[in-house]
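Following: one structure in structure tokens, then a few remarks.
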Amino acid sequence: MQERKKRRIAILGSTGSIGKQALEVIENHPEHFELSVLTANNSTALLIEQAKKYQPNTVIICNENYYLEVKDALSDEPIKVFAGNKSVEQIVQTDDVDIVLTAMVGFAGLRSTVKAIEAGKIIALANKETLVVAGELISQMAIKYRSSIIPVDSEHSAIFQCLVGENHNPLEKIILTASGGPFRGFTYEQLKQVKKADALKHPNWTMGQKITIDSASMMNKGLEVIEAKWLFGLSPEQIEIIIHPQSIVHSMVQFSDGSLKAQLGLPDMRLPIQYALGFPERLENNFERFSFLDYPQLSFEKPDSKTFRNIALAYEAMYQGGNMACIMNAANEVAVAAFLEEKIDFVNIPELIEKSMEQLTFVKEPSLEDYFLTDEETRNYTKSLIKN
Ligand code: MN
């Protein structure tokens, strides 16, 4: 086999669920990958532990209050330590980095992703909010700076994998599968009663808290619809959601001749992470294999966008375009945080988002700075709704 340069990887958000699994993938393929950068917001203890174990060149703690703690803990290691988001924006542009895995939570990932694209890096995109908020801008930039965006989200990885080798064959539509979360089949009355602990019990996937709540509220699928629009250049009519409780079919593509392709496997995020980091190669691993005999019945149902309003709101935001998805996302982040603090009920989440989408100023063609402004204004507005 041809000798190949190792890919140097920056993991933005290494202490989260995706970050931890990415470290496992990198550790298992030392011949392909080299860990260059780790960043975290606040989880100093785990960041320090990861740095000692995996020996990156650089570690960045985004919350500057923790700089000395991290710096001191790593003073005996040959590791550079920086603090603050500005440092992240700088490091992703350096020659030490080939691939930037964006695994941080929420809108916070936007600015550093933009910087990495400007530097022409490969983006392994795990932070879906980036494309939801600023998909139009990001996809234009990616073309301009010749930066490739490879999805890590399992549904989008599935679609991406289905499209390999299809070059310019036209798509008729894509079908995003959704597990339906822990409240699949619930009525509105039942949804009113659910508690934080119920919402955090996802049937198939182990994920961070924010995305687990988004899965229960179906906002995760709404965000993924918009993410897919920008990743694959689709119109809203070309994107369908289907509920598939077993989470084995990770998503499907239908071509102009009616032929369907699907990507299947056990629900294990390490696979889409590994695929994104290794693309176009498929690397060996010892992950558990799927057997059809263990799943004699794969089932599919129509999503209930009347009870799970977030689906309808996401399509609405996608049709409107401009900064509407940015408003939706910011309101959702605030609402989910409030739900996790047990300040609001589960059914209040879509109510707050809808109200915010009605009240905030619509901007048809936002600039990058407009997105930051919209995000801030929406957060303030949604928080004020929660207070009252
Ligand atoms: Mn997903």
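Rule-based calculations on the coordinates, nothing more; no lab input. These figures come from a predicted structure and were not determined experimentally. Glycine gets a Cβ as well: all are built from the backbone with ideal geometry, and neighbour counts include every protein chain shown.
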| query | Once the other residues with Cβ under 13 Å from the Cβ of SER147 are scored (Lys, Arg +1; Asp, Glu -1), what is the net sum? | reply | +2
| query | Looking at this model, which pairs from LYS201/LYS364; LYS20/LYS192; LYS20/LYS115; LYS115/LYS229 are more than 28 angstrom apart at the alpha-carbon? | reply | LYS201/LYS364; LYS20/LYS192
| said: Springs between alpha-carbon pairs under 10 angstrom, Gaussian network model over the chain: which of ASN85, ASN169, ASN204 fluctuates most? | reply: ASN169
| query | Computed FRET efficiency, Cβ-Cβ of ASP345 and GLU369, R0 41 Å: what is it to the nearest 0.05? | reply | 0.75
| remark: Fewest to most Cβ atoms within 10 Å: ASP98, ASP72 sort as ASP72, ASP98
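Can you list the GluC sites (Glu not before Pro) in segment 156-264 that are in a DSSP coil and have 14 or fewer other beta carbons within 10 angstrom? Present the calculation step by step, with values, prior to reporting the outcome.
On the way: sites: GLU166, GLU172, GLU189, GLU224, GLU227, GLU237, GLU240; in loops: GLU166.
Taking segment 156-264 and a limit of 14 other Cβ atoms within 10 Å, the loop GluC sites (Glu not before Pro) found are GLU166.
Segment 291-388: which GluC sites (Glu not before Pro) are DSSP loop and have at most 12 other beta-carbon atoms within 10 angstrom? Intermediate values should be presented prior to the final figure.
Values: sites: GLU301, GLU316, GLU333, GLU341, GLU342, GLU351, GLU354, GLU358, GLU369, GLU376, GLU377; in loops: GLU341, GLU342.
In loop regions of segment 291-388 (DSSP not H, G, I, E or B), the sparsely surrounded GluC sites (Glu not before Pro) are GLU341, GLU342.
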| query | Among ALA126, ALA108, ALA51, whose mean-square fluctuation peaks in a Gaussian network model of the chain (Cα, cutoff 10 Å)? | reply | ALA108
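Per the helix-only calculation at 222 nm, which mean residue ellipticity applies to the chain, given -39500 (n - 2.57) for every DSSP H run of n ≥ 4 and division by its residues, nearest 500 deg cm²/dmol?
On the way: 16 runs with 176 residues, N = 388.
Computed ellipticity for the chain at 222 nm equals -13500 deg cm²/dmol.
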| Among the GluC sites (Glu not before Pro) within segment 1-83, which fall in a DSSP loop and have no more than 14 other Cβ atoms within 10 Å of their own Cβ? | GLU3, GLU31
| remark: Simple spin-label estimate for LEU264/ASP294, 7 Å along Cα→Cβ, in nm, reads 1.4 nm
| Taking HIS32, HIS250, HIS168 and counting other C-beta atoms within 10 Å, the order from fewest to most | HIS168, HIS32, HIS250
| task | Label segment 1-122 by shape, choosing from rounded, prolate and oblate, from the square roots a ≥ b ≥ c of the eigenvalues of the Cα gyration tensor; if a/c is under 1.5 it is rounded, and otherwise prolate applies when a/b is larger than b/c, oblate when it is not. | result | oblate
| request: For the chain, with a Gaussian network of springs between Cα atoms less than 10 Å apart, report the residue from ASN65, ASN28, ASN167 with the top mean-square fluctuation. | output: ASN167
| request: Would you mind ranking ASP96, ASP294, ASP153 by Cβ crowding within 10 Å, fewest neighbours first? | output: ASP294, ASP96, ASP153
